[in-house]
Structure formats: structure tokens, C-alpha cells
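Trainee: Provided herewith is a single structure, encoded as C-alpha cells, for subsequent inquiry.
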Amino acid sequence: MLFHNILIKYLLEKGYQITDAGTFDEKQCDYPDFAKLVAKSVSKGDNDYGILIDATGIPSAIVANKIKGIRAATCYNTFSARSSRAHNNANVLVVGAKALGEESIKLIIDEWLSTQFEGGRHQKRLDKISDIENEIVNRAN
């Protein structure tokens, strides 16, 4: 069974609605295609959050963060998961399947999905990030 299928089953059992963007087999694939697809679905509001799984969690986060409005966080433990939501209002979680075990990833996902953004001083910082993002987009146009 594909690792992502295990996590989908886990999330469905917890009552989450899932949109599966793949992959659907164990053939080699290009992570940018999937990271872009998931990030765009969150950016457009088709999905509230996204979860990406690759070998280390790093490359998919890099791709997802290229999409306007995405705050993708690679998390390696529950502290980073909690902080990415509470302080950074991350809307895409990225985990590394080869860097973490199945149970660790489940704990990280649980922590990430159950943590709310704290706002306050953190919102001011997110506003600065949005300003930088808008400046870059405006410069490109």
C-alpha cells in the first residue's frame, strides 16, 4: 500500500474530507507537479489545507511556497507543526516520508490540524510576508 494511502485512510477515519491529488502508483514522479497542484487548490480556496509528502519534505515546500498566498511548512516534529500553524498560519503541511516514520507523521498531522492561528503579533509578521509577496508579484507584472 502506498504510504499516502495509509495517511488518507487515517484522516478519513478521523472524519476529514480528502481530495487526493496523487500519486496513485509507485512509479517515479516529479514532485513539482503535485506540489503545484495542491498549493493551487489551497490558494484558490478549493481546499482549506494541503498536505504534501515527499522524501524529505523540503522540495515540495519550496515549490508550494512559489504560489501566492501559500505558507507551506516542512515539519519534523509536533513542536514545528504546532508553531507553523499557531505563529505562521501555515496552510500547507509538508512531511518527509523517508525522514520520518508513519507514527511520527500521524502525530505531526494531528498536531498541525488541531492547532489554530494565534493572530496578534504573528499577524503583523504575516502581513509583512504578504507585502513582500505582493511586491515580487507586482514587479514581475
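The values are calculated or read from the model by the stated rules, or taken from the named source; none is laboratory data. Since we're looking at a predicted model, the values are computed, not measured. Backbone-built Cβ (ideal geometry, glycine too); neighbour counts: all protein chains shown. Keep in mind that these areas ignore ligands, DNA and RNA; they rest on the heavy atoms of the full protein, side chains included. Shrake-Rupley method; radii C 1.70, N 1.55, O 1.52, S 1.80 Å.
Trainee: I need every pair where a residue in the range 106-134 that is modelled with pLDDT of 90 or more and of a type in the set (S, T, N, Q) has its Cβ under 6 Å from the Cβ of a residue that is surrounded by 12 or more Cβ atoms within 10 Å (Cβ to Cβ) and in a helix (DSSP H, G or I), sequence separation at least 6 or different chains.
Mentor: Correct list of pairs: Thr115/Arg82; Thr115/Arg85; Thr115/Ala86.
Trainee: Which one of Thr19, Thr23 is open to solvent by less than 40 Å² (accessible area, probe 1.4 Å) and either of a type in the set (Val, Ile, Thr) or in a loop (DSSP other than H, G, I, E, B) (or both)?
Mentor: Details: Thr19 fails: open to solvent by less than 40 Å² (accessible area, probe 1.4 Å).
Just one listed residue meets the conditions, Thr23.
Trainee: Starting from residues that are within 11 Å of Val92 (Cα to Cα) and not in a helix (DSSP H, G or I), keep the ones in the range 28-49 and report whichever is least open to solvent (accessible area, probe 1.4 Å).
Mentor: That would be Asn47.
Trainee: Given the options Thr115, Thr74, name the one that is out of contact with any Phe, Trp or Tyr (no Cβ under 8 Å at 6 or more places or on another chain), over 19 Å from Phe34 (Cβ atoms) and open to solvent by less than 50 Å² (accessible area, probe 1.4 Å).
Mentor: Values: Thr74 fails: over 19 Å from Phe34 (Cβ atoms).
Only one candidate passes the filter, namely Thr115.
Trainee: Still on this structure: Which condition from (1) surrounded by fewer than 15 Cβ atoms within 10 Å (Cβ to Cβ); (2) over 24 Å from Ile136 (Cβ atoms); (3) touching a residue at least 24 places away in the same chain (Cβ under 8 Å); (4) more than 12 Å from the chain's Cα centre (by Cα) is the one that Asn5 breaks?
Mentor: With (1) surrounded by fewer than 15 Cβ atoms within 10 Å (Cβ to Cβ); (2) over 24 Å from Ile136 (Cβ atoms); (3) touching a residue at least 24 places away in the same chain (Cβ under 8 Å); (4) more than 12 Å from the chain's Cα centre (by Cα) applied to Asn5, the lone miss is (3).
Trainee: Something else now. Could you say which residue among Leu52, Leu100, Leu93 is assigned to a loop (DSSP other than H, G, I, E, B), surrounded by 19 or more Cβ atoms within 10 Å (Cβ to Cβ) and not acidic (Asp, Glu)?
Mentor: Values: Leu52 fails: assigned to a loop (DSSP other than H, G, I, E, B); Leu93 fails: assigned to a loop (DSSP other than H, G, I, E, B).
Criteria check complete, one pass: Leu100.
Trainee: Is it true that Lys40 is basic (Lys, Arg), at negative phi and modelled with pLDDT of 95 or more? Give the derivation first.
Mentor: Working: basic (Lys, Arg): yes; at negative phi: yes; modelled with pLDDT of 95 or more: yes.
Here the answer is yes, as Lys40 does meet what is asked.
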